[in-house]
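Enquirer: Could you have a look at this structure, given as structure tokens, before my questions?
The values are calculated or read from the model by the stated rules, or taken from the named source; none is laboratory data. All of these numbers come straight from a predicted model, not from anything done at the bench. Here the Cβ positions follow ideal geometry from the backbone for every residue, glycine too, while neighbour counts run over all protein chains shown. Please note that ligands, DNA and RNA were not included when accessible areas were found on the heavy atoms of the full protein model with its side chains. Shrake-Rupley method; radii C 1.70, N 1.55, O 1.52, S 1.80 Å.
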Amino acid sequence: MIPTSSSRRARVAAAVAVVAALAGATVPAATASAATGPREAAISQARANVAHNAAVFGFGTGQDLVLKDVVLDADGASHVRFDRTYQGLPVVGGDLVVHQDAKGRLKDSSRAAAHDAAVKSTVPKVTAQSGAAGALAAAPGVKDAVSTPELVVWAADGTPRLAWRTTVEGTGEHGQPAGKVVVTDATTGEQIESYDAEHQATGTGNSEYTGKITIDTTAKTGGGYTLTDPVRGHVTKDANNLSASSLKATSGTPFSSTTNVWGDGRKFSTDRSTAAVDAHANTAWTYDYYKNVHGRNGIKNDGKGATVFVHVGTNWDNAQWSDTCFCMMTGDGDGTTDPEQVDLDTMGHEMTHGVTSATANLRYSGESGGLNEATSDIFGTMVEWYADNSIDTGDYLFSDQSTPPWLRRFDKPSLDGRSADCWSSSVGKLDVHNSSGVGNHWFYLASEGSGSKTINGVTYNSPTCNGSTVAGVGHDKIAKIWYRALTVYMTSTTTYKGARTASLNAARDLYGAGSAEYNAVAAAWSGVNVS
């Protein structure tokens, strides 16, 4: 899996001028085919705007743009998101968003770290082995590990240079996919950063979660039914305890029934379709939340449904989303005390990692990693509120059904003994599941305000970090603001300070500068020490 010497030399030759490129001269926009609609027109105009404003975007010779996402506003404005490459190499931290008015004129831009970077004109000696060795050393608990190094232009920290981004993939203790992504300087072999290759939420549970519900299935020719959702396109399968690292979208067995009656609702059920009922329904609720509330047509906004696997691995006490197979995977718990990981906010959380990956792609490290996790907590919680299920009721306690009394909470995240209530210069050094506390706390304050409050029978008491009093405007409005901030203004390297700016821009767009919503967003950020 490690490139040969000749292939490495070829890659280096292709990148010989990398260090002089990111702030280079203007290059012509790529030739666009005739636009067939507003989306295509926006993309074509965005490419032209980047080329015509090369200095604004730090766009130079040898660079190219790879389309990532498009957001079209009701007034005709558009926001086109691109990843950047140089000589065919991905530029990590080079992503950008082109903001255009209804006539296609450039209004503003959002740029990741690469825009402001100065680049030196040297050609490093590249060694793939240093990247692979460092990555393997950083993932000692991964069995049957395979390393895959990729040469990239690393600009996420504002110092563009050639680097190896090496992915180590293997199997964890319970058959779950496990691994690391390790970035090493291609010249020195020095490790730049490392982070988990998979997004995971760990929990325990004591029951099946959503009770007697209605689910959408598909009738088979000749009789019987399958857990294939004809409305949203997702299919729920039995992984047959195959290890998650081995799963593909084509793996597993679709659930089928002759009666269209599924499961028995029991804890530790011997009926394998019981877990599938919750997984199937909660996937539908997540899809519906994004579509009906935010106008997003599926995880990637392309109308395609995901594959959902239950009974993954052996005694795997976890759940996660995988971009590789475009699938949701859930385990059976530890086999003694913890049942399946298929409750509403846990599944909404994991599938939101897919939404984040398809939009801002917040890097799973430092403050951007905390924002990534907070985004999944926020929208996982919003899926729970949206579903309005009588058993798994809406609250600000994340994963309270599968991890009683809760895994994380929003009003005062530090009550878990690990998470941060307030921003400080050291927050980015925490595990991303703990630095997410700042974002979760902000969301609660902006939604519900500070002080004591009882909601759906749960008592909350949220302090502010600066002693201020914050008045909330409701979670529905704040979630809409956060979704627009994520999909329109954030980039891969956004920090908490950048998130404040992004969410204020979103609040201004949706409700107006100086509105109650705008002021609540600002006051809540100040309330968690982000200014």
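Enquirer: Using packing as a proxy for protection, rank 414-424, 383-393 so that the peptide with the highest average count of other Cβ atoms within 10 Å comes first.
Expert: Highest-to-lowest ranking by the protection proxy: 383-393, 414-424.
Enquirer: Heavy-atom accessible area per residue, segment 449-507, 1.4 Å probe: how many Å²? All intermediate terms of the calculation are to be shown ahead of the outcome.
Expert: Working: 2190 Å² over 59 residues.
Per-residue value: 37 Å².
Enquirer: Could you state the principal axis extents of the C-alpha atoms in segment 229-347, from the largest down, to the nearest angstrom?
Expert: The principal-axis extents, from largest down, are 41, 32, 26 Å.
Enquirer: Continuing with this model, one more query. I need the peptides 96-104, 503-511, 344-352 ranked by packing, meaning the mean over residues of other C-beta atoms within 10 angstrom, with the highest value on top.
Expert: Working: 96-104: 18.9, 503-511: 21.3, 344-352: 28.8.
By packing density, highest mean first, the sequence is 344-352, 503-511, 96-104.
Enquirer: Just check segment 467-531 against the gyration tensor rule for me: Cα atoms, a ≥ b ≥ c as the square roots of the eigenvalues, rounded for a/c under 1.5, and otherwise prolate or oblate depending on whether a/b exceeds b/c. Can you show the working numbers first?
Expert: Details: a/c = 1.89, a/b = 1.19, b/c = 1.59.
Oblate, since a/c reaches 1.5 and b/c is not below a/b.
Enquirer: Expressed as a whole percentage, what fraction of the accessible surface of segment 451-531 belongs to carbon and sulfur atoms when a 1.4 Å probe is rolled over the protein heavy atoms?
Expert: Numbers: 1480 of 3150 Å².
On segment 451-531, the fraction of accessible area on carbon and sulfur atoms equals 47 percent.
Enquirer: Taking only C-alpha pairs under 8 Å that are 6+ residues apart, what is the relative contact order of segment 273-343 in percent?
Expert: Result for segment 273-343 is 27 percent.
Enquirer: Additional query: Through the Karplus equation 6.51 cos²θ - 1.76 cosθ + 1.60, θ set to phi - 60°, convert the phi angles of segment 316-333 into ³J(HN,Hα) values in whole Hz; use x for Gly and Pro.
Expert: Karplus-based 3J(HN,Hα) across segment 316-333 equals 8, 9, 6, 8, 6, 9, 10, 5, 4, 9, 6, 8, 9, 10, 10, x, 9, x Hz.
Enquirer: Take each of the peptides 261-270, 59-68, 394-403, average the number of other beta-carbon atoms within 10 Å over its residues, and list them starting from the highest. Before the final figure, lay out the partial values.
Expert: Values: 261-270: 14.2, 59-68: 18.3, 394-403: 24.6.
Ranked from most to least packed, the peptides come out as 394-403, 59-68, 261-270.
Enquirer: Based on the Cβ-Cβ distance of A249 and N461, what FRET efficiency does E = 1/(1 + (r/R0)^6) give at R0 = 41 Å, to the nearest 0.05?
Expert: 0.35
Enquirer: While we're on this one: Can you work out ³J(HN,Hα) from phi for every residue in segment 392-398, in order, using Karplus 6.51 cos²θ - 1.76 cosθ + 1.60 and θ = phi - 60°, giving whole Hz and x for Gly and Pro?
Expert: Karplus values, whole Hz, x for Gly and Pro: 9, 6, x, 7, 10, 10, 6.
Enquirer: Still on this model: Can you give the accessible area per residue of segment 208-287, in Å², using a 1.4 Å probe? Don't skip to the answer; put the middle values down first.
Expert: Values: 3850 Å² over 80 residues.
That works out to 48 Å² per residue.
Enquirer: To continue, here is another question. Any chance you could run the full-extension gain for N315 through T188? It's 0.36 nm times the residue separation minus the Cα-Cα distance, nm to one decimal.
Expert: Answer, rounded to one decimal: 41.6 nm.
Enquirer: Here's a follow-up. Check cross-link reach from K497 to the aspartates and glutamates: straight Cα distance under 12 Å, and skip same-chain residues fewer than eight apart.
Expert: Within the straight-line limit of under 12 Å, K497 reaches these aspartates and glutamates: E367.
Enquirer: Also, quick follow-up: Under the rule a/c < 1.5 gives rounded, and otherwise a/b versus b/c splits prolate from oblate, where does segment 359-483 land using the Cα gyration tensor?
Expert: It is rounded, given that a/c, with a ≥ b ≥ c, falls under 1.5.
Enquirer: Then there is this: Mind giving me the nanometre distance, one decimal, between the label points for A55 and K429, set 7 Å out from Cα along Cα→Cβ?
Expert: Going from the A55 label point to the K429 one covers 4.0 nm.
Enquirer: Setting aside same-chain residues fewer than 8 positions from K267, which lysines have a Cα under 26 Å from its Cα?
Expert: Cross-link targets: K212, K237.
Enquirer: Could you tell me whether segment 235-304 comes out rounded, prolate or oblate from its Cα gyration tensor? Rule is a ≥ b ≥ c as square roots of the eigenvalues, rounded for a/c under 1.5, then prolate if a/b exceeds b/c, otherwise oblate.
Expert: Oblate, since a/c reaches 1.5 and b/c is not below a/b.
Enquirer: Under a straight-distance cross-link criterion of Cα-Cα below 17 Å, which lysines are reachable from K477, leaving out those fewer than 8 residues away in the same chain?
Expert: Counting by Cα, and skipping residues close in sequence, K477 has these lysines nearby: K291.
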